[in-house]
Amino acid sequence: MQKFAAQTKKCGKIIGFVPTMGYLHQGHLSLARQAKKDADIVIMSIFVNPAQFGPKDDFKKYPRNLKQDCRLAKKAGVDIIFYPAANEMYPENYQTCVEVVELSKPLCGRSRPGHFKGVTTVVVKLFNIVKPDIAYFGQKDAQQAVIIKQMVSDLNMDLKIKVMPIIREPGGLAASSRNAYFSSSQRKDALVLKKALQEAVLMIKSDEKYEKNIIKAMKNIINSVSSSMIDYIAIADAKTLKPAKHLKGDILIALAVKIGKTRLIDNVQVHI
Ligand code: AMP
């Protein structure tokens, strides 16, 4: 992969890169389609990165289907799939980590300690292997996108990061590989995430000044289904991820909720 990437760059070709954990859905494919528009060669990585899963997370049962992924990726314009083995990425005596310290602490960082350190470490490794000119990430993982941008800036990495909008299923559930875990009733219950975010936007647009009131209304919507368990609801500054004390500027409303055993995240960004 490294040799191919180096040769491709020598020919002056633009490499577009889409890092994923596979089990592809329309969210992933939207990133690949954008890469196809921008770049000469589109590379997608499929790697279920053990370093970003905690001991209680679903690493072992994370859905995988390489054959189907290859078919879908090809149709979306992917030229090359990079599919490394875990022991190639982290051989014995592997020692190095990359951490974006402050941005990794709030929101998902609080309930998944070490998660973003695992993400940033693998992303740096993938960037060094694939040597992209442009890398594509989804706004679905809003905190991840902010962290990656910070890392690229802090470490003077020579590439552009493009963040693409959230792709949703009909009904509003954000596309996710983990949606595969759901029964049909859980899938229906999961719509409360989007409903809660919609309510928040509506309240902000109707001039609600207190985030406490917004969070209360969101909690009521989510708690209306018995399968739900809120991890967090946050109203934060979209760039710093610090709590938005005054509802002004670019605001990120983000949440993580378990539906049954499946932890989902979703968010919306508003400019006030
Ligand atoms: P994952 O395979 O879940 O690690 O996701 C790989 C990339 O796809 C990440 O940049 C995600 O943010 C992005 N992604 C996942 N779901 C969606 C979605 N529903 N819409 C847009 N991008 C997404």
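Throughout, read-outs are computed from the coordinates displayed, never taken from laboratory work. The structure presented is a predicted model; accordingly, all values stated were derived computationally and were not measured. Every residue, glycine among them, receives a Cβ derived from its backbone with ideal geometry; neighbour counts consider all protein chains shown.
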Where in the chain lies the longest segment free of GluC sites (Glu not before Pro) that are both loop residues by DSSP (not H, G, I, E, B) and have at most 16 other Cβ atoms within 10 Å? 103-207
Taking the Cα-to-Cβ direction at Tyr210 and at Ser185 and moving 7 Å from each Cα, how far apart do the two end points lie in nm? 3.7
Karplus (6.51, -1.76, 1.60) ³J(HN,Hα), θ = phi - 60°, over the stretch 240-245, in Hz, Gly and Pro reported as x: 8, 6, 7, x, 7, 5
On a full-extension model of 0.36 nm per residue, what is the gain between Lys67 and Ser226, subtracting their alpha-carbon distance, rounded to one decimal in nm? 53.6 nm
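Of the DSSP beta bridges with both residues in the chain, give the percent that are antiparallel, rounding to the nearest 5.
On the way: 21 of 37 bridges.
Antiparallel: roughly 55 percent of the beta bridges in the chain.
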7 Å from Cα along Cα→Cβ at both Lys162 and Leu202: what's the point-to-point distance in nm? 3.5
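Do you know the relative contact order of the chain, to the nearest whole percent, from alpha carbon pairs under 8 angstrom that are 6+ apart?
On the way: 459 pairs, mean separation 46.1, N = 272.
Relative contact order, the chain: 17 percent.
For the pair Arg178 and Ile14, what calculated FRET efficiency results from E = 1/(1 + (r/R0)^6), where r is the Cβ-Cβ distance and R0 = 25 Å, to the nearest 0.05?
Values: r = 32 Å, r/R0 = 1.28.
E between Ile14 and Arg178, to the nearest 0.05, is 0.20.
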For the chain, with a Gaussian network of springs between Cα atoms less than 10 Å apart, report the residue from Gly54, Gly171, Gly109 with the top mean-square fluctuation. Gly171
Under 5 Å between amide hydrogens, which residues at least 5 positions from Leu264 or on another chain qualify, with H placed 1.01 Å from N in the peptide plane? Val257, Lys258, Ile259
What's the percent breakdown of Cα-Cα distances in the stretch 70-110 across 10 Å bins, shortest bin first? 20, 22, 32, 26
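Given the convex hull over the Cα atoms of the stretch 1-79, what projected area results after averaging over all orientations, in nm²? Don't skip to the end; give the middle numbers.
Numbers: hull surface 23.4 nm².
One quarter of the hull surface, i.e. the mean projection, equals 5.8 nm².
Around Ala180, under 15 Å between beta carbons, what's the net of Lys plus Arg minus Asp minus Glu among the other residues? Walk me through the numbers on the way to the answer.
Working: positive: Lys60, Lys61, Arg64, Arg178, Arg187, Lys261, Arg263; negative: Asp58, Asp69, Glu169.
With Lys, Arg at +1 and Asp, Glu at -1, the neighbours total +4.
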Under 20 Å from the Cα of Lys188, which aspartates and glutamates turn up, not counting those fewer than eight places away in the same chain? Glu169, Glu199, Asp231, Asp266
Given just the C-alpha atoms of the stretch 120-177, how large is their convex hull per residue in cubic angstrom? 89
Using helices alone, what [θ] at 222 nm do you get for the chain, with -39,500 (n - 2.57) per DSSP H run of 4 or more residues, divided over all residues and rounded to the nearest 500? -11000 deg cm²/dmol
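Working from the alpha-carbon coordinates of the chain, get Rg over Rh, Rh being the Kirkwood radius. Please report the intermediate quantities before stating the final value.
On the way: Rg = 18.9 Å, Rh = 19.5 Å.
On the Cα set of the chain, Rg over Rh gives 0.97.
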Between Asp58 and Gln7, with labels modelled 7 Å along Cα→Cβ, what's the label distance in nm to one decimal, could you check? 3.9
Once amide hydrogens are built 1.01 Å from N within the peptide plane, the residues lying 5 or more places from Met164 or on another chain with amide H under 5 Å from its amide H are Phe137, Gly138, Gln139
Name the most mobile residue of His28, His115, His246, meaning the one with the largest mean-square fluctuation, in a Gaussian network model of the chain with Cα contacts below 10 Å. His246
Dipole of the stretch 1-124 [Lys/Arg +1, Asp/Glu -1 at C-beta], most positive-end residue of Val18, Gly77, Val48: Gly77
The stretch 1-152 - Rg and Dmax from Cα coordinates, angstrom: 15.2, 45
Per residue of the stretch 247-257, in order, report the coupling 6.51 cos²θ - 1.76 cosθ + 1.60 (Karplus, θ = phi - 60°) as ³J(HN,Hα) in whole Hz, putting x for Gly and Pro. 6, 9, x, 8, 10, 9, 9, 10, 8, 10, 9
